[in-house]
Amino acid sequence: MVKQKHQLMPLFTFSCILFLLSTGNVLDAAGAEPSQALNRKFSLDGILRSEESEKYAVIFDAGSTGSRVHVFRFDPNMDLLRIGQDFEFYDKTNPGLSSYADDPQAAALSLKPLLQEGQAVVPEELRPQTPVKLGATAGLRMLKNGASDEILQAVRDLFKNESSLEYKAEWVSILEGSEEASDMWIAINYLSGRIGKPYPDTIATVDLGGGSVEMTYAISEENAANAPKFSNDGEAYVHEKYILGTKYHLYAYSYLYYGQLAARAEIFKVSRNSTNPCILDGYHGFYTYGGETYEASSPPSGSSFKKCRQVTLKALKLDAPCEHEKCTFNGTWGGGGGEGQENVYLASFFFDIAIEAGIISPNVPSASARPIDFKRAARLACVTKYEDVKTVFPNVYDEDLPYLCMDLVYEYSLLVYGFGLDPFKKVTLVRQINYQNSLIGAAWPLGSAIDAVSSLTNWRMYQY
């Protein structure tokens, strides 16, 4: 009975407000006449929202290279609020969950310090209403023999037993590729102030992770109606999304095995465990990914841009059968193009490799570039000996040294031959976006938080 009375309170408050409005008995704070007060902006929306408390969300990104926790705080208008000096709390740990394929309990325990830190950010009285979610991406998807299921169950047990946050078993899962892609699109467009605008004014996103690459952009309602329903792997191409009151049709697709690290393995498969023209001259070693090991050695003639591109294009499977028009690669429909694809942001490994290759400065949150810039850097990398690469490219991480030619050729080929971008098209490489004079990471967890919190608070019911 108490619960029923509590549910009736908003209706009672709403009725009282309507009564006051109808009788004109409303004075502003300065005691103005009713007619003057009513001529000023009277925000019923604001009154209703003032009874709502702020909201938090704790989002875990279990990627192929590491696990990260993000904590976001929102006001009732779904604007981000600061947590200390920043608009999010963030921490990370390495390696990723997929590195614990033989020990699910160790995988879960690797998250415990992050869980404790994330929960401590949330006020104690708000924790039971604060969602905690974990999305595992490409690395965990590719584990075999039920290892991923065992790891996820161990994480569910950790969240249930070691946290007072709002928890549901289905909130700990392997993200569908389209979910990851859509959430990334939401995050970038939210931070850029594009949510609520017509689809031609939104930003297309290409997120190059370790195990997969996601492309997402908004398409017209007409194109959505005529789009193919499912890909060859049974995943939907187009998704209808209501984001903070605005409907969008999103082409959102995840190309599994074509992330930066997974693509190296695909390129090695083409060379059939022999020397590979993408490996820098003078390097002889092995590359391990997804439990498989490949020979990573340069041929006697050294690395070659032309030959590396030939091998890379075979790995992309550009000639794979496709039943639709405007396909990308590996037999996949590319969304048909359109105005929603005019403004393109490239994230994650695109940004990292661009820094390593000297295409952009390492000290910027985002920068403009063109696909041709990756080609020019690749040509230089592919004629550089392994022993000299640190001199020519001082920003390259040691673990990436042998693969710099391969990585640059792959990223150029992916953009131009795979996704069909003009080599001279200006794109934005992005790691962070300026939001109210603060830099926020451009990543899918923010999109996931927006979706979780707005649905829990019935955000759309407050819109005019």
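The values are calculated or read from the model by the stated rules, or taken from the named source; none is laboratory data. Source: prediction; values computed, not measured. Ideal geometry is used to build each Cβ from the backbone, glycine not excepted, and the neighbour counts take in all protein chains shown.
From the list Y258, Y199, the one residue that fits, being at pLDDT 95 or above and under 22 Å from D61 (Cβ atoms), is Y258.
Only one of (1) closer than 13 Å to Y403 by Cα; (2) surrounded by 19 or more Cβ atoms within 10 Å (Cβ to Cβ) fails for V311. Which number is that? Every condition holds for V311 apart from (1). Going by the structure shown, is T293 among the β-branched types (V, I, T) and loosely packed, with under 15 Cβ neighbours inside 10 Å? Judged against the criteria, T293 is a match. If the condition is being free of Cβ contacts under 8 Å to residues at least 12 places away in the same chain and of a type in the set (G, A, S), then region 154-207 contributes only G193. The numbered conditions (1) under 15 Å from I59 (Cα atoms); (2) buried (at least 21 other Cβ atoms within 10 Å of the Cβ); (3) β-branched (V, I, T) are all true for T93 except (2). Does I360 fit the bill of being in a loop (DSSP other than H, G, I, E, B) and touching a strand residue (DSSP E or B) at 6+ places or on another chain (Cβ under 9 Å)? Taking the combined requirement at face value, the residue satisfies it.
Inspect region 421-435 for any residue being at positive phi and in contact (Cβ under 8 Å) with a residue 12 or more places away in the chain and give the result as yes or no. No: region 421-435 contains no residue that is at positive phi and in contact (Cβ under 8 Å) with a residue 12 or more places away in the chain. Inspect region 414-421 for any residue being assigned by TED's automatic domain parsing to the domain that holds R264, hydrophobic (A, V, I, L, M, F, W, C) and over 20 Å from A263 (Cβ atoms) and give the result as yes or no. The answer is no; no qualifying residue exists.
T246 meets each of the listed conditions (1) β-branched (V, I, T); (2) under 30 Å from L115 (Cβ atoms); (3) out of contact with any helix residue (DSSP H, G or I) (no Cβ under 8 Å at 6 or more places or on another chain) apart from (2).
For region 332-378, the set of residues classified as in contact with a helix residue (DSSP H, G or I) (Cβ under 9 Å, 6 or more places away or on another chain) and hydroxyl-bearing (S, T, Y) consists of Y345, S348, S361, S366, listed by residue number. Check off (1) in contact with a Cys (Cβ under 7 Å, 6 or more places away or on another chain); (2) at pLDDT below 95 for E323 and give me the number that stays unchecked. Tallying (1) in contact with a Cys (Cβ under 7 Å, 6 or more places away or on another chain); (2) at pLDDT below 95, E323 fails exactly one: (1). Look at region 355-369: where a residue is touching a residue at least 12 places away in the same chain (Cβ under 8 Å) and a partner is loosely packed, with under 13 Cβ neighbours inside 10 Å and assigned to a strand (DSSP E or B), sitting 6+ places away or on another chain with Cβ atoms under 8 Å, you get P365/N434.
Checking region 182-190 against the condition returns no match, with no residue being farther than 23 Å from K326 by Cβ, part of a strand (DSSP E or B), assigned by TED's automatic domain parsing to the domain that holds A347 and of a type in the set (D, E, K, R).
Against the conditions (1) modelled with pLDDT of 95 or more; (2) surrounded by fewer than 20 Cβ atoms within 10 Å (Cβ to Cβ), L134 satisfies every one except (2). Looking only at residues of region 261-280 that are at pLDDT 90 or above and of a type in the set (D, E, K, R), we find that the one that is surrounded by the fewest Cβ atoms within 10 Å (Cβ to Cβ) is K269. Contact annotation: residue pairs with Cβ atoms under 7 Å, 6 or more positions apart or on different chains, pairing a residue in region 81-105 that is within 23 Å of A449 (Cβ to Cβ) and without any contact (Cβ under 8 Å) to a residue 60 or more places away in the chain with a partner that is among the charged types (D, E, K, R) and surrounded by fewer than 13 Cβ atoms within 10 Å (Cβ to Cβ), are L81/E54.
Scanning region 107-131 for residues that are surrounded by fewer than 17 Cβ atoms within 10 Å (Cβ to Cβ) and either among the small types (G, A, S) or over 23 Å from I450 (Cβ atoms) (or both) returns L109, K112, P113, Q116, A120, E124. Total residues in region 381-399 satisfying the condition of being assigned to a helix (DSSP H, G or I) and buried (at least 17 other Cβ atoms within 10 Å of the Cβ): the figure is 3.
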